[in-house]
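Every read-out reported here was derived from the displayed coordinates using simple, explicitly stated rules and does not represent laboratory data. Computed from a predicted model, the values in this text were never measured in an experiment. Don't worry about glycine lacking a Cβ; one is built from the backbone with ideal geometry, like all the others, and counts go over all protein chains shown.
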Amino acid sequence: MEDILLDGESLTLEQVERVARGGARATLADSAIPRMEASRAVVDRCVSERLVRYGITTGFGKFSDVVISPENNATLQRNLIMSHACGVGEPFPAEVVRAMLLLRANALAVGSSGARVSTVNALLDLLNSGVVPVIPEKGSLGSSGDLAPLAHMALVLCGMGEAFYRGERIPGAEALSRAGLKPVELSAKEGLALINGTQAMTAVAALACADALRLVGLADGLAALTLQALRGITDAYDGRIHELRRQEGQTASAAALRDLLSGSGLTTRQGELRVQDAYALRCVPQVHGASRDAIVYVRTVVGRELNAATDNPLIFPDGSGYGDILSGGNFHGQPVALAMDFLAIALAELADLSERRTERLVNPALSNGLPAFLVKEGGVNSGFMILQYVAAALVSENKVLAHPASVDSIPSSANQEDHVSMGTIAARKARSVLENLQQVLGIEWLAACQAIDLLGGSDKLSPATRKLYDTLRSKIPFVDRDRVMYPDLQTAKSLVAGTVDSGG
């Protein structure tokens, strides 16, 4: 597997996933080094000439009017990291932390932060050696960036804090030693450069985006499977209908459904069994398509953020060793916050419709002749009754989680930082919605395959959905009588989470 080269300009979501989940290595591109060295020269000159510049020769936040002497600058950087490492809650998953390390290194590779090349290489050594800093999930306001989470990352770089190494949670200094690495002593501006940015929220966002479009495709596939179990009507997916709407996602979902259902012996045409299906079947392209469009937008926003310089101040060298050092607000997480709130809503709607399709499968008043709760000898057996309860509970939880975090703000730093994004909360909520969606889709997958078997119709499924049926049945057998079901739920969710190509 080739290394991912970080140049601060061309990192993609697919590469983030390869590093975070696939274990790919990342290295600093040669093209980034001159830019980084030029901005570093500006920092060094500010320190040597005792120029008053925010974050370089001054304190931070409300302490921006406190000038720091050159001899105290290393202490300032170390104190910044220690004092800001105040995260609480459970640690982020290893894949999120690996993404954070990658994204922070790439942001510094832009060459506007003043970090030394050696410091960025040390950050990448952490990543490539398998050292995973323990980074609590909670405590970021999303502005000035993800200060608390990134400070926990930097703690380990400096030989403090805690880290996971080869599955063991140990002190950061010990993790470095076992990996053959040495602590970094930060120089002027580097503490701020490491922690002032949006890389915690963006790491969560990037991995959620990597999953989201795959889940839309799978949702289309499961809708097609359920439609066949209910002898649904295909006319609603006619391309002429969707062309008139002019919505790209809707058109794509309708086309996917037509492909998924091609060759089925279980579908019907309008008027054969009934004139119209309920919305949970008939309006799949409209609902899934809207979520598809939302996810495409979110991926665009997150894709931009992967290669953004998001700390403060930013350095613009002029080639002479001098340059402009400008204070701004690129650390403000509002673009990611809004996008993650939108993603949570889009994913929650996919779960909403999936649960309604499951309800139609288990409800004898709606299921076109299937046995109540998809089980023979109902009464002595409860069948899939409680699986629908679980889906309903998760959908209801998603409604709470879909409430936007980005509309909230609490002033901080003595009202110097008087509007914050809550972007990391938005990203974490979106990830929770995504995990609930995975389970809801897993429940629909179980129910649809159970219904197909009760119909005796697996040999009449379309070729594309037969693959979905076979995938589930290779892991989970037909439910002929009540059994302990939670292992089946866990397996189904794992299948959903691991689905790369649903055929849709």
> Taking +1 at the Cβ of each Lys and Arg and -1 at the Cβ of each Asp and Glu, which of Met422, Gln490, Val275 sits farthest along the dipole of the chain towards its positive end, judged by Cα position relative to the Cα centre?
Replying inline: Val275
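For the residues Asp470, Asp453, Asp30, what sequence is obtained by ranking on other C-beta atoms within 10 Å, fewest first?
With the sparsest Cβ surroundings first, the list reads Asp30, Asp470, Asp453.
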> If you take all C-alpha pairs in the chain, what percent of them are over 41 Å apart?
Replying inline: 30 percent
>> If amide hydrogens are placed 1.01 Å from N in the peptide plane, which non-local residues have theirs closer than 5 Å to the one on Leu6?
In response: Thr27, Leu28, Ala29
> Each residue of segment 70-84 in order: what ³J(HN,Hα) in whole Hz does its phi give by Karplus 6.51 cos²θ - 1.76 cosθ + 1.60, θ = phi - 60°, with x for Gly and Pro?
Replying inline: x, 5, 9, 5, 4, 4, 4, 5, 5, 4, 4, 5, 5, 6, 8
> Simple spin-label model, 7 Å along Cα-to-Cβ: Thr300 to Glu49 in nm?
Replying inline: 4.3 nm
> Cross-link partners among lysines for Lys467, C-alpha distance below 30 Å, same-chain residues fewer than 8 apart left out?
Replying inline: Lys376, Lys475, Lys493
> Rounded, prolate or oblate: which one fits segment 205-497, using the alpha carbon gyration tensor with axes a ≥ b ≥ c (rounded when a/c is under 1.5, else prolate when a/b beats b/c, else oblate)?
Replying inline: prolate
> In percent, what relative contact order does segment 205-497 have, based on Cα pairs under 8 Å that are 6 or more apart in sequence?
Replying inline: 24 percent
> At 222 nm, what helix-only mean residue ellipticity would the chain give, in deg cm²/dmol to the nearest 500, using -39500 (n - 2.57) for each DSSP H run of four or more?
Replying inline: -17500 deg cm²/dmol
> What's the Cα-based Rg to Rh of segment 4-197, Rh via Kirkwood?
Replying inline: 0.95
> Lys/Arg Cβ at +1, Asp/Glu Cβ at -1, dipole of segment 4-197 taken about the Cα centre: which of Ile4, Val110, Ala24 is farthest positive-ward?
Replying inline: Val110
>> What does the C-alpha gyration tensor say about the overall shape of segment 73-142? Classify as rounded when a/c is under 1.5, otherwise prolate if a/b is larger than b/c, or oblate.
In response: oblate
> So what are the ³J(HN,Hα) numbers for segment 238-247, from phi and the Karplus equation (6.51, -1.76, 1.60; θ = phi - 60°), rounded to whole Hz, Gly and Pro as x?
Replying inline: 3, x, 5, 4, 7, 4, 5, 7, 6, 9
> Once phi is turned into ³J(HN,Hα) by the Karplus curve 6.51 cos²θ - 1.76 cosθ + 1.60 with θ = phi - 60°, what whole-Hz value does each residue of segment 476-489 show in order, with x for glycine and proline?
Replying inline: 10, x, 4, 9, 8, 8, 4, 8, 5, 9, 5, x, 5, 4
> What angle, in degrees between 0 and 90 and rounded to the nearest 10, separates the Cα long axis of helix 423-455 from the longest principal axis of the Cα atoms of the chain?
Replying inline: 20 degrees
> Amide H of Glu162: which non-local residues (sequence gap of 5 or more, or other chain) have their own amide H closer than 5 Å, using H built in the peptide plane?
Replying inline: Val134, Gly172
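Once the Cβ-Cβ distance between Asp459 and Arg178 is put in as r, and R0 is 60 Å, what FRET efficiency do you end up with, to the nearest 0.05?
0.60
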> What is the distance in Å between the Cα centres of segment 471-485 and segment 310-344?
Replying inline: 52 Å
>> Please arrange Ser113, Ser39 by how many other C-beta atoms lie within 10 Å of their C-beta, fewest to most.
In response: Ser39, Ser113
> Hey, got the dipole for the chain? About the Cα centre, +1 on K and R Cβ, -1 on D and E Cβ, debye to the nearest 20?
Replying inline: 760 debye
> If one takes the longest principal axis of the Cα atoms in the chain, at what angle in degrees, from 0 to 90 and to the nearest 10, does the Cα axis of helix 334-362 lie?
Replying inline: 20 degrees
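Sorted from fewest to most neighbouring beta carbons within 10 Å, what does the list Met385, Met160, Met36 look like? Can you show the working numbers first?
On the way: Met385 15, Met160 18, Met36 23.
Ranking Met385, Met160, Met36 by Cβ neighbours within 10 Å, fewest first, gives Met385, Met160, Met36.
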